[in-house]
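Data first, discussion second: the structure below is written as structure tokens.
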Number of protein chains: 2
Amino acid sequence: MNYCCTCGATIAIRTPPGDALPRHVCDACGAIHYRNPRMVVGALAEWDGRILLCRRAIEPRLGKWTLPAGFMEIGETVAQAAARETLEEANARLELHDMYTVISVPQANQVHLFYRARLLDLDFSPGEESLETALFGEHEIPWEEIAFRTVAMTLRHFFTDRISGAFRFHAGEIPPP
Amino acid sequence: MNYCCTCGATIAIRTPPGDALPRHVCDACGAIHYRNPRMVVGALAEWDGRILLCRRAIEPRLGKWTLPAGFMEIGETVAQAAARETLEEANARLELHDMYTVISVPQANQVHLFYRARLLDLDFSPGEESLETALFGEHEIPWEEIAFRTVAMTLRHFFTDRISGAFRFHAGEIPPP
């Protein structure tokens, strides 16, 4: 951030009075431009025991497999974001179940949130940001080709919980690599 | 947003190719400036069955009571944000328990996340953004003076769950007023 998005003047970085951290401050109009972590929201969608994955058509991790997920938009709920991202990336419609994982990724300034869900039908296909969409059983998951550690962590929780038959909410974090 | 924070040129609002929503776009440098919901993170901290509340010294809701909470910062986890905000607003130290509520507030472009926690001692006091800090039993909660609906919802889940002795995670949303 070099310029004030409100008035166009040059930005300074300093700690405002009463604040604890350096901020992007505009000395011309007085605006303080805060930066905050972003939410990436997605769905672990099941059909007959198998899970919907998408192979990424975009960077980062082009060509790797992921649960459908993406940045939450202004004006939507977490549940709406999970359903929208699944529709955009896999043209798939869901019945959403419970919020399942919330995982902090501090080194990326992100928090990843996944719902459990059930596919409503098998009429899915790659959206613009996907190369392929497919269902995977537990022993077919391409673990070495999973795009993000939060996705692998969410899948592992799912297969572990499924043994006991009790799916419980999981909060966690990804340690720095 | 009127000016590009990268290059200082005037911003246009239009839908980029391949996108579904109008964005703040810079035709000079090509930057797309996305806006995303922000996370407000706090703690429901207990001492001997009573809950720590803070009376707000700042707008919005100046003078109303809240669980200690605030905007999550770049580079921290949700758990770290909950502990930091409680320290800043109530000078209180916590043992964090489980993530307890995640509540979407789409009309404010926010998601509020609260941890359950235990106060480590009674050595708390108002921080710069609080007028008062105090412990409240269930029947002492100033329900008419609670600052935010997510705080009231989190408190109600807590007192309901406490009857059964089983605290479970709650996801939800605040409908438009």
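The values are calculated or read from the model by the stated rules, or taken from the named source; none is laboratory data. If you're wondering where the values come from, they're calculated on a predicted model, not measured in any experiment. Cβ: placed from backbone, ideal geometry, glycine included. Neighbour counts: every protein chain shown.
Details
- Leading residue by the ranking (surrounded by the most Cβ atoms within 10 Å (Cβ to Cβ)) among those in segment B:118-175 that are within 30 Å of A:Ala81 (Cα to Cα), touching a residue at least 24 places away in the same chain (Cβ under 8 Å) and of a type in the set (S, T, N, Q): B:Thr150
- Annotation note: of A:Glu85, A:Glu76, the sole residue that is part of a helix (DSSP H, G or I), closer than 26 Å to A:Phe167 by Cα and assigned by TED's automatic domain parsing to the domain that holds A:Trp143 is A:Glu85.
- Just one of the listed residues (B:Glu73, B:Glu85) is among the charged types (D, E, K, R) and either more than 10 Å from chain A (Cβ to nearest Cβ) or within 15 Å of B:Phe124 (Cα to Cα) (or both), namely B:Glu85.
- Those residues of segment A:162-177 which are outside any loop (DSSP other than H, G, I, E, B) and either within 13 Å of chain B (Cβ to nearest Cβ) or closer than 14 Å to A:Met99 by Cα (or both), in sequence order: A:His170, A:Ala171, A:Gly172, A:Glu173
Yes/no per residue for (1) more than 24 Å from B:Phe169 (Cα to Cα); (2) of a type in the set (Gly, Ala, Ser); (3) more than 10 Å from chain B (Cβ to nearest Cβ); (4) in a helix (DSSP H, G or I):
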residue	(1), (2), (3), (4)
A:Arg55	yes, no, yes, no
A:Met99	no, no, no, no
A:His112	no, no, yes, no
A:Arg116	no, no, yes, no
A:Asp121	yes, no, yes, no
A:Glu132	yes, no, yes, no
A:Val151	no, no, yes, yes
A:Thr154	no, no, yes, yes
A:Thr160	no, no, yes, yes
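- Of all residues assigned to segment B:11-26, at least one qualifies as being surrounded by 14 or more Cβ atoms within 10 Å (Cβ to Cβ), free of Cβ contacts under 8 Å to residues at least 60 places away in the same chain and at the interface with another protein chain (Cβ under 9 Å from one of its Cβ atoms).
- Test: residue in segment A:97-108 that is within 12 Å of the chain's Cα centre (by Cα), acidic (Asp, Glu) and at pLDDT 95 or above: no
- Residues being surrounded by fewer than 22 Cβ atoms within 10 Å (Cβ to Cβ) and closer than 16 Å to B:Glu128 by Cβ - total across segment B:42-60: 5
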